[in-house]
């Protein structure tokens, strides 16, 4: 069974098929649910609300059985390694494991040693492929494609596992990526051009704000909430200078009054909650693909 | 979809219909379960066994899907607000949210801003409507009604979210409410007459004991366990002076040897575990009502 | 409904039927799943991965509903006793409770007072009957029986709840049990003969290693990892002196490089992950028996 570790591993064709499939789940639901008991383990070693629950909802909507692993009550407390824990879950019947872990690249030593499908739900400052896919779906729903679009990634670029994936894949799909944020948090290895915050706001079709990853900083107090908001946040004033049709995105959880003015979170441009909604259908498509299922018999078969 | 925040919001007619419906679930079960995947989120920010699990059992008996939110592993750890967390769950597909929270009136700023049904499972020292409903069902099963009954609420009146609701609604339904307990814990705003503990015990048809809410006191050590028991507890001796047909109730968890002599917890008068049993069917009725479902096609349709 | 507290309570006949039934579930699955909602509560007061999840998988494969009780978020935080917690779960509809608890014999005061089936999933240094049953199934699959086999139990005998049950029941079933380990951890009351680690390794058909239960020692630092490994561990060198057909077992979680050389965990002799796999089917058989179910209509009916 295939793993989903980062989008770098997937062909553009596969990405497009996953988006098509997610849209189909959104439009028509999963008409037939799985009948045999198929188990998926959810292992979240870092806090999560939307990723964890959107995977759980996706699993249940497909008729899969979720096993919710909790770090604090498991044998990892007795020193069991992640590999051994996954081998256990594999023996108990899990066909896939959805994992969020603070260690970047946690899956590297695992991927060739397990017979279940590993789905990376966020590894440290590394990747977060299902988030990138739902971002792509959100953009595609808005603009029907990616070619010629300008997408601004703004904020804590260096610690964000979303920024890198999004910048890479959007560039590959034909969008122009522009980057903006405090120089201390620049990430030179990303594709894209650095511009001022004002230029980013005024030229982007998609303003993709990034969360300040305070839990990944070593207490480097560059900003107060207010000084960050004034320097790099989407203020009420900046929003007015966005292009007429431009939209706002944020992977969330967002800090109100920091990356974005609280009043803008649900404004007409905001697709922030739409992103979460799309997340369920993206994760249904990922699980169907990873498990080799074919949930609804219909014309656009998944031929991966 | 309607919220269930406190019983004050419900008409007597709606309360009666919920009781009838709960009795029907108890007598005949939920013959048809929901087929479409419908999600209900359970968010317990304070410890709970019976309320949390009786909602979960009720959900599963109706064929609903439970999403069990855990504060300690969610993005509330990253500072996400309750409103934003609920908006996430709404976007992921939750149609109702069952919430227990330490903050009294936590739902006030939420109720007009969400499209899911909010079900208050206890807010600080505020309300606990599903507990009051199951108390009503327990009394109704015993006495076939409320008119003319004398119900004594005894103990920590001021900090109890059960006492207030029960006193209000029982009065409305025609019962006489008498109150007893340490003067420091009196709650002058409740309907009902204060009487001595001895008069309460001897004249009540229902002796409704209340838990000492030590987690809501600021270390005010008015009593030891033993002195409370002697002063306001249901001792073996006091039980003998209850009316022949009178019953004992307690919202639980009870402190054995404090509010009630340990030997009386399961005595012939006690309806304490019956209350818990009724709690499942009450919560089935609440969920059916809140979600606008109609589980069993039968003569007494819910016409709310 | 019967309890499963220790294997001492079960007849050899019942044990054999449970093994037969587990094998049937492994070979053919549970063809018919339960249709009525039947609830099983899982209460793990100590960390667990494999026991907890194999019970949960077993429950779901049988079509049962799992209620996962979490000590840290329940009313045990408000001082509720284990008996009262179980009475609550019983009233809410649980027909069985799977319990792991640090207190040896926690079930003694409970067993005659509850109407649900108690399934002991490990009590302190006491018993762990489902682990012993899955060990028996693993041995039976290998050797088609127990008579004449030599089984070596090696390591922390005194604190292991697996060692005692295994030694007792294997002796009863006709196997020879030999014991080896640090004298400080000997358990004189076990059936079996103490031998040197070298003799144990060279004469056993089954080398059953035991986990060092550091959480049950009072900081008695008898060994470093390395000195234990050299003195009583299954080193690469010792494995070479095992009998040609001999197998390795361990209840897990194992400490790599302590009880067993890391390289041997998945060697051709190791049945460690097979044990976990068998655990699911054993627990299906236990639940079917405890709940009085009869899942698949087939020739070998359970006549207990």
Here the FRET efficiency for residue B:147 versus residue B:294, based on Cβ atoms and R0 = 35 Å and rounded to 0.05, is 0.70
at residue B:186 the sorted inter-copy label distances (label 7 Å from Cα on Cβ side), in nanometres, are 7.2, 7.2
Inter-copy distances for residue C:147, label 7 Å out on the Cα-Cβ vector, sorted ascending, nm, one decimal, are 7.9, 7.9
Between the Cα axis of helix B:12-28 and the main Cα principal axis of chain B, the angle (0 to 90°, nearest 10) is 80 degrees
Relative to chain A, whose Cα atoms define the longest principal axis, helix A:161-172 and its Cα axis are tilted in degrees, nearest 10, by 80 degrees
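Full extension from residue B:102 to residue B:268: what is 0.36 nm times the residue separation minus their Cα-Cα distance, to one decimal in nm?
Result: 56.3 nm gained on full extension.
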FRET efficiency for residue C:241 and residue C:28 from the Cβ-Cβ distance with R0 = 35 Å, rounded to 0.05, comes out at 0.35
Proxy exposure order for C:235, C:72 (fewest C-beta within 10 Å first) is C:72, C:235
Per-residue Cβ contact counts at 10 Å, fewest first, order B:44, B:53, C:223 as C:223, B:44, B:53
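Sort A:276, B:1 so the one with the fewest other Cβ atoms within 10 Å of its own Cβ comes first.
By the 10 Å Cβ count, ascending: B:1, A:276.
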If one compares the long axis through the Cα atoms of helix C:82-92 with the longest principal axis of the Cα atoms of chain C, the angle in degrees, nearest 10, works out at 50 degrees
In nanometres, the difference between 0.36 nm per residue of separation and the alpha-carbon distance of residue B:226 and residue B:8 is 74.9 nm
Placing each pseudo-label 7 Å from Cα in the direction of the beta carbon, residue A:171 and residue A:202 end up separated by a distance in nanometres of 2.5 nm
DSSP beta bridges in the stretch C:129-274: the antiparallel percent, rounded to 5, is 0 percent
Copies of residue A:244 compared via label points 7 Å along Cα→Cβ give distances in nm, shortest first, of 8.6, 8.6
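We did not get these values from a lab; they are worked out from the coordinates using the rules stated. What you are looking at is a predicted structure, and each value in this text was computed from that prediction instead of being measured. Backbone-built Cβ (ideal geometry, glycine too); neighbour counts: all protein chains shown.
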